[in-house]
Amino acid sequence: MTEPGVFDMHASYPRYPRALSHSIAPGYCLAQGKLAGALPLVGLAMTATELTTDEEDRLAADPVVAARHGRAAERYADLLGRSRGMVMKASKLLSLANLPSAGSPEHVAFYRSALARCEDDTPSMPAGLAADLAESELGLPLHEIFMDFDPHPIAAASIGQVHAARLQDGRDVAVKIQYPGVGQAIRADLFDGDMFASFLRLGCEMTCVQTDLAAIASEISARIVEELDYRVEAANQETFAAAYRGHPLIRVPETVPELCTQRLLTMDLSDGFCWERARTAPKHLRDRWGEVIYRFAAGSLTRLGMLNADPGPRNYLFHADGGVTFLDFGCVRRYSAPQVGTVQAVMRAIADGEADQVLDALIRVGYASESDPPDAQDLLAWLRATHEPIVAEQPYTYSPDFAEALRGAGLARSGRYADVIGRLTIPADFLAMIRVNLGVTSVLAGLGATGDWTAMHREYCRAGYLPNCSRDR
């Protein structure tokens, strides 16, 4: 396979003319619009989860009811599509869009399709406004900074849009510009205590373990506020780029620090296969890409103490040599050496089938109570079910069925492991790990990636915590 040209890369953005002969990753497609007074995602999630078994059967049997269910999904998705930033970002951090919904697969598909449309239908700023904002941020006329600047966006983010440009020295770059007023709007939403609390209460009720609502609110607020400052994203990206610089398969675009501000981020322009094309690539390439993505997530945590907590499929670019370019570092979580060590100890015990060691490790860090612990064997059974790729016979192929099961009711606190899950408390700072696990699983399942995940898992369980290492080989 050859690397795609500009129109292959941007097939999803045909309405935008191309002034430049290069392209940027379509990695920023999220919902836009002004935050509605109500919480449409809450309504969406409640509609999806408050169905009794009889109602599920009736929906499946009655096409009129099923159609009405579909219209409800469309209505909520339309409202959600007008929500700028906060609700979508918080829902992503809580993985609400991926959590199990009651009802038949057809009805689940209504909601997921509607949410997917929200991610694609992204309005753009007028060309003149984008150029004016860029000049205002940089403090100079654009023609003094760029040889070329495409005023039409080539990709869109939840809080900004991306433009292709060329510096005076001929370097092709991507310029991400934040929408005017979006920072103030999101901060206002975060400080609307009743609304934000209601949203989070629903989200935490849908997760599979006990949670501290106040801690979750603080964690999500901190991550969202960080994403509003592109200087934070630039610093995150520079850290990852330095760690993986020279790596044969893991690629992170270099930033242009002198052209990064609070509301504008400039980085190298990257080409590659988009997600839709990657899914139809030859099997050996999909396997290699899956391994690279797995190694990036596991290696970044165990060797750098960092997680890029937005592993959506559109945040990757895929290359014909098996390499992957990683994009969007606005949401990054850092972990201490003791925290990483705890994760490694638990994961080693899961792989080795050591029930008592798993329970002891969780009790030591307060995730389980010594006075009222879950049954050790039941705890291990639940964890091994949720980590099937590393405990199953190898090589193992990630499948959509496993990705569904990981989010399904059978492994949640309404299922067979309810007693175990009800006795666990997961701290808010581990929310990113849950998000990354779900996201990476979904991507690897979409690729149908096959590999010896047990061997890779054991490698990273032994890896030393080296925050100053230059790269993960």
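Given a 1.4 Å probe and heavy atoms of the protein chains only, how would you sort LYS176, LYS283, largest accessible area at the top?
Numbers: LYS176 5, LYS283 80 Å².
So the residues, ranked largest to smallest area, are LYS283, LYS176.
Taking H placed 1.01 Å from N in the peptide plane, check which residues at least 5 places from MET306 or on another chain put their amide H under 5 Å from its amide H.
Correct list: LEU301, TYR335.
Does a label point 7 Å from the Cα of ALA215, set along Cα-to-beta-carbon, have any residues of the stretch 351-368 with amide nitrogen under 15 Å, and which are they?
The answer is 362-368.
How many Å² of accessible area per residue for the stretch 204-349, probe 1.4 Å?
On the way: 4850 Å² over 146 residues.
That works out to 33 Å² per residue.
Roughly how large, in nm² to one decimal, is the mean projection of the convex hull of the alpha-carbon atoms in the stretch 257-328?
Its Cα hull, projected and averaged over all orientations, spans 5.9 nm².
Quick one: if you stick a label point 7 Å off each Cα along the C-beta vector at ARG187 and ALA455, how many nm between them?
Placing both labels 7 Å beyond Cα along the Cβ direction yields 5.2 nm.
Net charge near LEU447: determine it from the other residues with C-beta under 15 Å of the C-beta of LEU447, scoring Lys and Arg +1 and Asp and Glu -1.
Working: positive: ARG277, ARG279, LYS283, ARG286, ARG288, ARG295, ARG314; negative: GLU276, ASP287, GLU291, ASP401.
Around LEU447, the surrounding residues sum to +3.
Taking all protein chains as present, what is the carbon and sulfur share of the accessible area of the stretch 302-383, in % to the nearest whole number, probe 1.4 Å?
Details: 1330 of 2900 Å².
Here it works out to 46 percent.
Can you list the HN-Hα couplings for the stretch 327-337, worked out from phi with the Karplus curve (6.51, -1.76, 1.60; θ = phi - 60°), rounded to whole Hz and with x for Gly and Pro?
Rounded to whole hertz, the list is 10, 6, 10, x, 10, 10, 10, 9, 10, 7, 4.
Just want to confirm a number: the relative contact order over the stretch 122-189, from Cα pairs under 8 angstrom separated by 6+ residues, in percent. Mind dumping the intermediate values first?
Details: 86 pairs, mean separation 17.1, N = 68.
Dividing the mean separation by the residue count of the stretch 122-189 yields 25 percent.
Note down the nm distance, to one decimal, between modelled labels 7 Å out along Cα→Cβ at GLU404 and at GLU354.
3.6 nm
Mind listing the phi-derived Karplus ³J(HN,Hα) values for the stretch 436-441, rounded to whole Hz, using 6.51, -1.76 and 1.60 with θ = phi - 60°, and x for any glycine or proline?
After applying 6.51 cos²θ - 1.76 cosθ + 1.60, I find 5, 4, 5, x, 5, 4 Hz.
Once both labels are modelled 7 Å past Cα along the beta-carbon direction, what's the ALA418-VAL365 spacing in nm?
Label at ALA418, label at VAL365, 2.8 nm between them.
For ASP375 and GLN394 in one chain, what is 0.36 nm times their gap in residues minus the Cα-Cα distance, to one decimal in nm?
Details: separation 19, 0.36 × 19 = 6.84 nm, distance 2.81 nm.
Result for the pair: 4.0 nm of gain on full extension.
Can you pull out the GluC sites (Glu not before Pro) in the stretch 333-432 whose DSSP state is coil and whose Cβ has at most 11 other Cβ atoms within 10 Å?
GLU370, GLU393
List, in order, the whole-Hz ³J(HN,Hα) value for each residue of the stretch 177-185 obtained from phi through the Karplus relation with A = 6.51, B = -1.76, C = 1.60 and θ = phi - 60°; use x for Gly and Pro.
10, 6, 4, x, x, 5, x, 5, 5
The values are calculated or read from the model by the stated rules, or taken from the named source; none is laboratory data. Model, not experiment: these values are computed from the prediction. FYI the Cβ positions are ideal-geometry reconstructions off the backbone, even for glycines, and counts take in every protein chain you see. Areas reflect the complete protein model, heavy atoms only, side chains present, ligands, DNA and RNA absent. Shrake-Rupley method; radii C 1.70, N 1.55, O 1.52, S 1.80 Å.
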